[in-house]
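First up is the structure itself, then whatever we jot down about it.
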Amino acid sequence: MSHLRIGHGFDAHRIEPGDGVALGGVRIDCAYRVIAHSDGDVLIHALCDALLGALGEGDIGHLFPDTDPRFKGIDSRQLLREVVRRVHERQWRVGNVDLTLIAQVPRVAPHVVTMRSVLAEDLAVDAASVNVKATTNEGMGHIGRKEGIAAHAVVLLTRG
């Protein structure tokens, strides 16, 4: 039996004029808001999907359906903590995570260190095991037109 498992996650949400977004567990004031059932944190949603994928347990839509009023407006960190609890319950630990935000707005570079720290806390790992990076879509498509944001996540789980 392998002592390593890899998972990949992806999430995307529409955005519209508003007063800020949650990304990587950090509230960022900006002129947009995410349209979502929860707080719409695409980085955490992609991360949850990657963790669940590594476990072979589907996705967050199955675990936390947007048809369930209990999850309306929920802080995505709560969802992440539940997924991490499941990871640990199955005797796995997070080795490292690599997250990529794809967005024209907001500018996240000033928040990356805080995101890494917040996510590391919820993942029960050192911040050095969490990488967060961002790229634009070079003005192309719905992301480039500031109509949406997206994120990819890759995780490595280790036995232990």
| field | Breaking point among (1) under 18 Å from G24 (Cα atoms); (2) crowded, with 18+ Cβ neighbours inside 10 Å, for Q78 | value | (2)
| query | Within the range 69-82, is there a residue that is among the aliphatic types (A, V, I, L, M) and in contact with a Lys or Arg (Cβ under 7 Å, 6 or more places away or on another chain)? | reply | no
| Which one of these does G53 not meet: (1) of a type outside the set (A, V, I, L, M, F, W, C); (2) assigned to a strand (DSSP E or B); (3) surrounded by fewer than 22 Cβ atoms within 10 Å (Cβ to Cβ)? | (2)
| query | Mind checking whether some residue in the range 21-32 is in a helix (DSSP H, G or I) and either without any contact (Cβ under 8 Å) to a residue 12 or more places away in the chain or touching a strand residue (DSSP E or B) at 6+ places or on another chain (Cβ under 9 Å) (or both)? | reply | no
| remark: Going through the range 33-47 in order, the residues found to be in contact with a strand residue (DSSP E or B) (Cβ under 7 Å, 6 or more places away or on another chain) and under 25 Å from N96 (Cα atoms) are D39, G40, D41, V42, L43, H45, A46, L47
| Which residue pairs have Cβ atoms closer than 8 Å, lie 6 or more positions apart in sequence or on different chains, and pair a first residue in the range 123-137 that is under 17 Å from R77 (Cα atoms) with a second residue that is part of a loop (DSSP other than H, G, I, E, B) and among the hydrophobic types (A, V, I, L, M, F, W, C)? | V132/V108
| query | For the range 107-160, how many residues meet the condition of being closer than 11 Å to N96 by Cα and of a type in the set (S, T, Y)? | reply | 2
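Every residue, every condition in (1) under 30 Å from Q91 (Cα atoms); (2) in a helix (DSSP H, G or I); (3) small (G, A, S); (4) touching a residue at least 24 places away in the same chain (Cβ under 8 Å), yes or no:
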{"position": "H8", "(1), (2), (3), (4)": "yes, no, no, yes"}
{"position": "H13", "(1), (2), (3), (4)": "no, no, no, yes"}
{"position": "C48", "(1), (2), (3), (4)": "yes, yes, no, yes"}
{"position": "G58", "(1), (2), (3), (4)": "yes, no, yes, no"}
{"position": "H62", "(1), (2), (3), (4)": "yes, yes, no, no"}
{"position": "P65", "(1), (2), (3), (4)": "yes, no, no, no"}
| request: Of all residues in the range 121-146, count the ones that are under 14 Å from G25 (Cα atoms) and surrounded by 18 or more Cβ atoms within 10 Å (Cβ to Cβ). | output: 4
| field | Given (1) in a loop (DSSP other than H, G, I, E, B); (2) under 15 Å from the mean Cα position of the chain (by Cα); (3) of a type in the set (K, R), index of the condition K133 fails | value | (1)
| task | Please enumerate the residues belonging to the range 111-130 that are outside any helix (DSSP H, G or I) and either at pLDDT below 95 or among the basic types (K, R) (or both). | result | none
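The values are calculated or read from the model by the stated rules, or taken from the named source; none is laboratory data. Please read these numbers as outputs of a predicted model, since none were measured by experiment. Counting neighbours? That spans all protein chains shown, and the Cβs are built from the backbone with ideal geometry, glycine included.
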